[in-house]
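Asks: Here's a structure for you.
Throughout, read-outs are computed from the coordinates displayed, never taken from laboratory work. None of the values given here were measured: they were computed from a predicted structure. Cβ placement follows ideal geometry from the backbone for every residue including glycine, while neighbour counts extend to all protein chains displayed.
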């Protein structure tokens, strides 16, 4: 039986690595937005990330 690699989800983690990365990126962008205030490019990046996450959730039937 092959040993798990870092790219494979951990059995008891409850989240996939993709979801963890996207969630982490979203939190970082929101934190940055609070520090620097409203900025059009930062707001656009957050919106794009949220849309990508929504599309990914639909494509995977919410199994993220």
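Asks: Hey, what does the equivalent ellipsoid look like for the stretch 17-59, semi-axes from the Cα gyration tensor as sqrt of 5 times each eigenvalue, largest first, whole Å?
Replies: 21, 12, 5
Asks: So, one more: So the label point goes 7 Å from the Cα of residue 20 along Cα→C-beta, right? Which residues of the stretch 33-64 then have their backbone N under 16 Å from it?
Replies: Under 16 Å, as judged by backbone N against the label point of residue 20, lie 64 of the stretch 33-64.
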